[in-house]
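Before any comments, here is the structure.
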Amino acid sequence: MMSEKNDNLLSVRDLVVEYTSGGEIIHAVNGVSFELEKGKTLGLVGETGAGKTTIAKSILRVLLSPPAKVKSGEILLEGTDLLKVREDEMLKIRGAKISMIFQDPMTALNPTMTIGNQIAEGIRLHNDVSALEAEKMAIDMLQSVRIMEERFHEYPFQFSGGMKQRVVIAMALACKPKLLLADEPTTALDVTIQAQVLDTMRDLRNQLGTSMILITHDLGIVAENCDTVAVIYAGQIVESGSKEDIFDHASHPYTVGLFHSLPMWAMGEKRLHPIDGLPPDPRIEPNGCMFRFRCPRATKACEATVPNAELTSGHFCRCIAPKEEV
Amino acid sequence: MLRYVLQRLLMTIFVIIAAAILIFTVMYFVPGDPAKIILGPEATAADLADVRHQLGIDRPFLVQLGSFMYNTFIKFDMGTSWFRNTSVFGGMLERIPRTFLLGFLSIVLTSLVGIPMGVNAATHHRKWQDKGVISFAMVFMSVPEFWVALLFIIFFSLRLNILPSFGIGSWKNYVLPILSGALAGIGGIARYTRSCVLEVVHADYITTARAKGVMERKVIYQHMLPNALIPVLTNVGTSFTRCIGGTIVMEKIFSFPGVGLYLSDAIASRDYPVIRGCVIVIAAFTAILMLLVDLSYGYVDPRIKAQYVKQSTKKGKIKNVA
Amino acid sequence: MKNFRKIISLCLVMCMIIALFASCGTKEKSGTEETDVQTEDTEEIDENVDEENVATKQKVIGSEVSGAAIADTVTSVQRSVINYAVVEDPADFDPFANTQTKETLVGFYQPLAYVIKGEVVGCLMKDYTISDDGLIMDGELYDYITDTDGNNIKASDVVFSWEMGEEITHIGTTGFVDKFEATGDYTFRITFKQPLAIGQMDKLTKWNVVSEKAYSEHDMHTDPVPTGPYKLTKYTSGYLTTYEKRDDYWQTDTSKLVARDMANVDVINFYVIPESAQRTIALKNGSIDASVGITNEDLPFFDESEDFWLFGVPDDLSLDLIPNCDEGRLTSDVNLRRAIFYAISNEAILESVYGGNGSVNHDLAPNWAVGYNPDWDNETDNYYTYDPEKAKEYLAETSYNGEELIILVNNSPTLTNAAQLINALLEQVGIKTKISVTDPAIIKETYADKTAWDLYITMDATNTYWIDAINGFLTKDKTTWEGSGNFWMDPEAQEMINTYKQVANATPENFEIMRDYFIDNALCKSMVNPLTYVVVPSWTSGVCLSMKKCFTPGGSTYTEE
């Protein structure tokens, strides 16, 4: 993905991340590259354990340093390689230029600090304002996520899941970041609240012009919210492109398998069609196409390194025998 | 919250009174005739009857109980020690400050040294600080307090002769008892703090804080510790309740004339008024300290405070909104 | 990390196991060491201290400045401070408190007189006479006695003190005193119900005298007003009592001043140290100069040390074996008692329980008691000698059939050791016993229950008089029941001893009669009179002891350090 477009906000190139645990190395991210344009949303799709959260945390450099380690790669934010930036510079970027929302709203907030103060803390870190002004700005943020001003001094345990997530969103967007990393923001919420939260996020993003990387395993959410999509399997991006490319022209056997496994009640199907097998053990050093153990179309040639083929403009697929359009 | 406090206060008073009744009843039924104990076997029957009358133990049980309760709680007269002929209350007044100081300073020292040690160990997980703290804790939690005390006496009092080994003459007399009492505690608190902090270290909200751009130091002190230390403070708070009653071993070894030694001597010589007085005082202190500690939790952890408020209101004005 | 932890855990476990085994061996060691401390022959009342000994340096086994030595004849350097360890907190300074025998209170208040080995040495009392019929005693006080408040002590104060003593302390003179009244400002008269018996003079003179006025003005429990040479200047309960020498002490005639009333130290600090190990440490690191109650294991250190010497005196108490002579018990059979007594070796007990520190008793009282006939020490056969063959012979004459006798003893380590040894010795001749260890607080009650024990092992006070010792087992003077201290009931014996106790009848011949009766009936066996030691610093040249064998700092003599 060596696009030369200048309005790329974020550019990740050949990111490799490893974890060491009990003397063994876990290959979490094995050479991931993608780009994100300003104001757009990229959906990162994949199963649990595919490496999506690791990618997001590497961008923000909040991985726990032992045991995780970024082995190689570049993460360019508007041209600056975040992996080479000094820690004190990084502090200014976190929360201000890039923010992150985490998966479980129940544990994402500090239980002994009022929600208002948690938002205000972020504001004061990145803006030179007094405590009172920060408080006012925090209240504004709360109102923009439709939480009443009076609740500023309340503690997280006094809020429900959906409200907590809205607080987290308010906190993340309080300093008007350029990039928002949302790691499965609605997975822990029920469906009706999901819609609310996603709507809130979309409104705010439109207001502020924030780009977003939305990590999820729910294709429905991808369809509703994303501009571009990247599919991850075993720490590698196996297919990427625009939303239409992926949804209408899925080519990689894994992507095809994902869509097939969606239950299609409308078509009268009575059984599910999961993909056979399990994701590979991340302790094994990746070699060749890691999907070959489960791929119905695998051949001997798949054991060699697979190049990333550009099927159509912007639509990439890492397979030597992508599904042909019928 | 005020309501909660009042309710608890009432319960505390009730507990103290119940303890008084219990100890009186127990001592009443314990075998042994107090008059014979005081006068010895050579006393004549007339003398014994005389003493029994003086002590008031020839009256029926309920009358004695009533008079005891009245004297103790209304007049603050706990009677006179049978073997020392001094007022029990006076004896307690002298000794409570000594024991309290000993117990209190012991716990303060334990916390001041142990908690930072634990935090240090947890934030340098798996490095030498961590290993050092664990070893220290293991060693000092395994050895008995009195052994450590005796070692200190031999070393500081006998060999180096810089600290006294008995009594309460000056501040120097407090050093060794507090030190030996605190060592085991330091190990325990350090270990406990370490594990509490480790639990918090991997919490999501810590990552959130980092993701906001908070400095690592602030992350530790403003986000990790306030949460991690809540159970630790619970632990420390509980040890405060044993401030008065828990010093007996140190008092015995250092001939430190405090409440513990008073009680232990009284038990050995069957000095009933002193035993009763000591037990009541210890119960009262423990109950009150426990109340104070519980209230402090409410101050530290807002979730607990909400619980207290909820408990004490009949129709919950619950602030939880979906 | 895991391996590291495993190694440490293993090391700790090894340490604990080793410690467990190490501690097992030491328990019985205490009895077997021989300490070669010499003691002064204390039978003579030594009024003159060896002048040379006072001047020479330590390791002189100083003579007991027995409290009777007259000040003129004893020289001492005035000492400014002495720090002394006591076992119990005085707590109560009242002159009439039951706690008169506390070390701190001895020598603080003063009595009418001191009776030392039967001889009356006046303190507050200048002189006395007893009428020919023995029923009246007239006494005269010094007229210049003052207490620390400046009150002059008069005969009325003496009568007041006597009345208070009887009422509060139960000194026990109302049994033989008819009247006690003041006959003048400084003279008083005591009328007796019958002529004085042995030991009654002691009781008559040893209680404390204070001014009635001072007693009403001060609460003497905490604010004492004594007549003695020291006043109380500081008291921290449980820790320290400080006495300072009085500049206005009333007895200025040094020829009348007895050692016990001397103030050779300006300031005495009594530190309360209940644990004997603590006392040893305090002596070693200099916080304390002198102390009693040092354990047998620690004594050799002080014996060999340049800075201390040991002063040993026979304890007031002796180890006694009291049989239950009540009809309901097996031990009511005199042959069984004889068998038991022959089976026990006093020497063995002295060696193993007391480590040789003391002397064996050949009679009910130790041989320093007044009235003891030295010939008794050489008797070879009187149940106080060990003879297992005789024991078996006597046993054969009883109907004993292997039943278990109950030995009652309190839980002190020394007494339980003695009980175990006795159990073993009796087992050897075929008498089975069971040891019942009892809490000291209720042992007196158990003792009073005649169905609860067969043999009682205890430390008994032998007082100063031989006849007083056997008094306890022949009369009901010391018990609350109809019988003597071993449930022996013989009204004739009671009569006999009441007669012989009177001073006029206290002849050696009568004593022999009593003794034969006693031994014939095997009423009690006294085994050992142990020594108690006081550890004193090397600059003490002579040790003064009070009536309860307590170290009296003021009366002891000192040299330059």
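The values are calculated or read from the model by the stated rules, or taken from the named source; none is laboratory data. Remember, it's a predicted structure, so these values are computed and weren't measured experimentally. Here the Cβ is made from the backbone with ideal geometry for all residues, glycine too, and neighbour counts use every protein chain on show.
Candidates are the residues of segment B:213-224 that are in a helix (DSSP H, G or I) and facing chain A (nearest Cβ under 10 Å); the one that is nearest to A:N110 (Cα to Cα) is B:H223. Taking segment A:191-208 as the range and being farther than 18 Å from A:M141 by Cβ and in contact (Cβ under 8 Å) with a residue 24 or more places away in the chain as the test, the residues that pass are A:I193, A:Q194.
In segment A:117-145, the qualifying residues are those that are of a type in the set (D, E, K, R) and within 13 Å of chain B (Cβ to nearest Cβ), and the one that is surrounded by the most Cβ atoms within 10 Å (Cβ to Cβ) is A:E121.
Pairs meeting the criteria (first residue in segment B:79-97 and under 20 Å from B:W171 (Cα atoms) and facing another protein chain (nearest Cβ under 7 Å), second residue part of a loop (DSSP other than H, G, I, E, B) and among the hydroxyl-bearing types (S, T, Y), beta carbons under 7 Å, at least 6 apart or on different chains) are B:E94/C:S237. One residue stands out among those in segment B:151-169 that are touching a helix residue (DSSP H, G or I) at 6+ places or on another chain (Cβ under 7 Å) and of a type in the set (A, V, I, L, M): the one that is farthest from C:N285 (Cα to Cα), which is B:I168.
Tell me the strands (runs of 3 or more DSSP E) entirely within segment C:301-396 that contain at least 2 residues that are closer than 18 Å to C:I519 by Cα.
On the way: elements: C:308-314, C:317-323, C:358-360.
Hits in segment C:301-396: C:317-323.
Please determine, by comparing only the residues of segment A:22-67 that are under 12 Å from the mean Cα position of the chain (by Cα) and within 14 Å of chain B (Cβ to nearest Cβ), which one is farthest from A:F291 (Cα to Cα). For segment A:22-67, the residue satisfying everything is A:L60. The sole residue among C:G312, C:G371 that is in contact with a strand residue (DSSP E or B) (Cβ under 9 Å, 6 or more places away or on another chain), in contact (Cβ under 8 Å) with a residue 60 or more places away in the chain and more than 30 Å from C:I513 (Cβ to Cβ) is C:G312.
Every test in (1) assigned by TED's automatic domain parsing to the domain that holds B:C243; (2) crowded, with 16+ Cβ neighbours inside 10 Å; (3) at pLDDT below 90 is passed by B:S81 save one, and that test is (1).
So is C:E495 away from chain B (no Cβ under 14 Å) and among the charged types (D, E, K, R) or not? Before you say what the answer is, go through the steps one by one.
Numbers: away from chain B (no Cβ under 14 Å): yes; among the charged types (D, E, K, R): yes.
Yes.
Within segment C:115-233, which helices (runs of 4 or more DSSP H) (wholly inside it) include 3 or more residues that are within 30 Å of C:G472 (Cα to Cα) and in contact (Cβ under 8 Å) with a residue 24 or more places away in the chain? Full working, then the answer.
Working: elements: C:155-164, C:200-205, C:212-217.
Where helices (runs of 4 or more DSSP H) fall fully within segment C:115-233 and carry at least 3 residues being within 30 Å of C:G472 (Cα to Cα) and in contact (Cβ under 8 Å) with a residue 24 or more places away in the chain, they are C:155-164, C:200-205.
Scoring C:A263 on the criteria (1) touching a strand residue (DSSP E or B) at 6+ places or on another chain (Cβ under 8 Å); (2) without any contact (Cβ under 8 Å) to a residue 40 or more places away in the chain; (3) of a type outside the set (D, E, K, R) leaves a single failure, condition (2). Candidates are the residues of segment A:82-116 that are surrounded by fewer than 19 Cβ atoms within 10 Å (Cβ to Cβ), more than 21 Å from the chain's Cα centre (by Cα) and more than 9 Å from every other protein chain (Cβ to nearest Cβ); the one that is farthest from A:V70 (Cα to Cα) is A:E89.
Select the helices (runs of 4 or more DSSP H) contained entirely in segment B:232-315, then report the ones holding at least 2 residues which are closer than 22 Å to B:G169 by Cα, in contact with a helix residue (DSSP H, G or I) (Cβ under 6 Å, 6 or more places away or on another chain) and within 14 Å of chain C (Cβ to nearest Cβ).
Result: B:248-253, B:259-269.
Within segment C:264-300, the only residue that satisfies the criterion of being away from chain B (no Cβ under 11 Å), more than 23 Å from the chain's Cα centre (by Cα) and in a loop (DSSP other than H, G, I, E, B) is C:N264.
Exactly one residue among A:A266, A:A223, A:A250 is exposed (fewer than 14 other Cβ atoms within 10 Å of the Cβ) and in contact with a helix residue (DSSP H, G or I) (Cβ under 8 Å, 6 or more places away or on another chain), and that residue is A:A223.
With the checklist (1) modelled with pLDDT of 85 or more; (2) at the interface with another protein chain (Cβ under 9 Å from one of its Cβ atoms) in hand, flag the one item B:R8 doesn't pass. Result: B:R8 passes all but (2).
Identification of helices (runs of 4 or more DSSP H) wholly contained in segment B:1-67 with 1 or more residues that are over 24 Å from C:E482 (Cα atoms) and in contact (Cβ under 8 Å) with a residue 12 or more places away in the chain yields B:2-29, B:45-55. Restricting the search to segment B:76-119, which residues are closer than 30 Å to B:G188 by Cα and among the aromatic types (F, W, Y)? Residues satisfying the conditions are B:F100, B:F104. Among the residues of segment C:427-435, is there at least one that is within 29 Å of B:R270 (Cβ to Cβ) and assigned to a helix (DSSP H, G or I)? No, because not a single residue in segment C:427-435 is within 29 Å of B:R270 (Cβ to Cβ) and assigned to a helix (DSSP H, G or I). Of all the numbered requirements in (1) within 14 Å of chain B (Cβ to nearest Cβ); (2) buried (at least 17 other Cβ atoms within 10 Å of the Cβ); (3) under 30 Å from C:L135 (Cβ atoms), C:F511 misses one, and that requirement is (1).
Within the group B:K131, B:K127, B:K172, which residue is farther than 30 Å from A:Q118 by Cβ, charged (D, E, K, R) and within 14 Å of chain A (Cβ to nearest Cβ)?
Values: B:K131 fails: within 14 Å of chain A (Cβ to nearest Cβ); B:K172 fails: within 14 Å of chain A (Cβ to nearest Cβ).
Unique residue meeting the criteria: B:K127.
Of the residues making up segment C:442-471, those that are more than 21 Å from C:I407 (Cα to Cα) and crowded, with 20+ Cβ neighbours inside 10 Å are C:T462, C:T464, C:Y465, C:W466, C:I467, C:D468, C:A469, C:I470, C:N471.
State the number of residues belonging to segment C:186-199 that are at pLDDT 85 or above and out of contact with any Ser or Thr (no Cβ under 8 Å at 6 or more places or on another chain). Talk me through it step by step, then tell me what you get.
Going residue by residue through segment C:186-199, those that are at pLDDT 85 or above are C:186-193.
If we keep only those that are out of contact with any Ser or Thr (no Cβ under 8 Å at 6 or more places or on another chain) too, we end up with C:186-188, C:190-193.
Qualifying residue count, segment C:186-199: 7.
Scanning segment B:236-263 for residues that are closer than 24 Å to C:P440 by Cα and either touching a Cys at 6+ places or on another chain (Cβ under 9 Å) or charged (D, E, K, R) (or both) yields B:E251, B:K252, B:V259, B:G260, B:Y262, B:L263. Within the bounds of segment A:62-75, is there any residue that is of a type in the set (A, V, I, L, M), over 30 Å from C:K2 (Cα atoms) and in contact with a strand residue (DSSP E or B) (Cβ under 8 Å, 6 or more places away or on another chain)? For segment A:62-75, residues of a type in the set (A, V, I, L, M), over 30 Å from C:K2 (Cα atoms) and in contact with a strand residue (DSSP E or B) (Cβ under 8 Å, 6 or more places away or on another chain): present.
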